1. Just from its helices, what would the mean residue ellipticity at 222 nm be for the chain, if runs of 4 or more DSSP H residues each count -39500 (n - 2.57) and the sum is divided by every residue, rounded to the nearest 500 deg cm²/dmol?
2. Just to confirm, what accessible area per residue do you get for segment 177-284 at 1.4 Å probe, in whole Å²?
3. Calculate what fraction, in whole %, of the accessible area of the chain sits on carbon and sulfur atoms when a 1.4 Å probe is rolled over the protein chains.
4. Which of the three applies to the chain, rounded, prolate or oblate, going by the alpha-carbon gyration tensor with a ≥ b ≥ c and a/c under 1.5 meaning rounded?
5. Applying 1/(1 + (r/R0)^6) with R0 = 30 Å to the Cβ-Cβ distance of residue 280 and residue 213, what FRET efficiency is obtained, to the nearest 0.05?
6. Peptides 182-191, 32-41: what's the order by average Cβ count within 10 Å, highest mean first?
7. Would you please give the FRET efficiency between residue 252 and residue 82, computed as 1/(1 + (r/R0)^6) with r the Cβ-Cβ distance and R0 = 45 Å, to the nearest 0.05?
8. Given the chain, what percent of its DSSP beta bridges are antiparallel, to the nearest 5?
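The values are calculated or read from the model by the stated rules, or taken from the named source; none is laboratory data. It should be emphasised that the depicted structure is a prediction, and the values quoted were computed from it without experimental measurement. Cβ: placed from backbone, ideal geometry, glycine included. Neighbour counts: every protein chain shown. Remember, those area values only see protein heavy atoms, side chains included, never the ligands or the DNA or RNA. Shrake-Rupley method; radii C 1.70, N 1.55, O 1.52, S 1.80 Å.
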Amino acid sequence: MNRLSSEKRRQILHLMVEGNTVNGIERLTGASKHTILRLLELAGTACMAHHDRAVRGVKAQRVECDEIWSFNYCKRAALKTAKAAPAGAGDVWTWTAIDADSKLLVSYLLGNRDADAAFDFMSDVADRLANRVQLTTDGHTAYLSAVLGAFGIDVDYAQLVKHYGESGNAAGPERKYSPGICTGISKRRLVGQPLKAFVSTSYVEKHNQTMRQHMKRYARLTAAHSKKLENLVHSMALYATWYNFSRINSAVRMSPAMACGLERRLWDIGDIVKLIEAWEAQTP
């Protein structure tokens, strides 16, 4: 079986994490779509294993959590008329947890926006932390029971709830694409003694924008959405390792993994290729 060279893999992976589509990568590199998606599967699998192993014992002080919406194959509203929709089609929510100081992506989970997903996500966040933290989420009702189930009372937890009004003077077609105006916020102390000044979700919401910029599958109003849930999962896994270990964050002027003490040097795409090759060597 033909195998891509390490340099070709570096090129394709670099294009992936810079927000290019599969079709665009096919045109730029000459590799077939099947080959590109196979590499994405290998990269995602290797990166998931690396994240699970390496992002442990995180010494954070403040953690912010949020959920970002995307969809697989088609939107939920279109499922009734969609033909031969695969398993997992419809809305997909990606739960993320960010260390507010190092900007490390501590944990992520793709699934529904329900109580079961919230509990699984919060349990994973708790397992990866080395100490008590101040935790902030939005006002999604599933969070409270999930936080209590995962952390018990060993956390300082608050919710930041934003209140929205109409979209200002926007009228006509542009109103559809104008966000609502934030008219105020409420900070709710729920567990422990969270410091009110640090109750914020600004960093994790900024990270949502970074995800949309670097993964075309998350971009709004495009035809680049995932057609298979597995591809979306693998894309997120590749991004998480690249973001944590290979990307310099402008706020900390190093990679988040370096800022958090999980890594001493800045990775490049070649290190992710080595992860893939090591995974292939272990897999019969």
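1. Working: 9 runs with 111 residues, N = 284.
Helix contribution divided over all residues of the chain: -12000 deg cm²/dmol.
2. Per residue, segment 177-284 has an accessible area of 55 Å².
3. Numbers: 7520 of 14550 Å².
The C+S portion of the solvent-accessible surface of the chain is 52 percent.
4. oblate
5. 0.50
6. Taking the mean over residues of other Cβ atoms within 10 Å, the ranking is 32-41, 182-191.
7. On the way: r = 43 Å, r/R0 = 0.96.
The value I calculate is 0.55.
8. Working: 25 of 34 bridges.
Once the DSSP bridges in the chain are tallied, antiparallel ones form about 75 percent.
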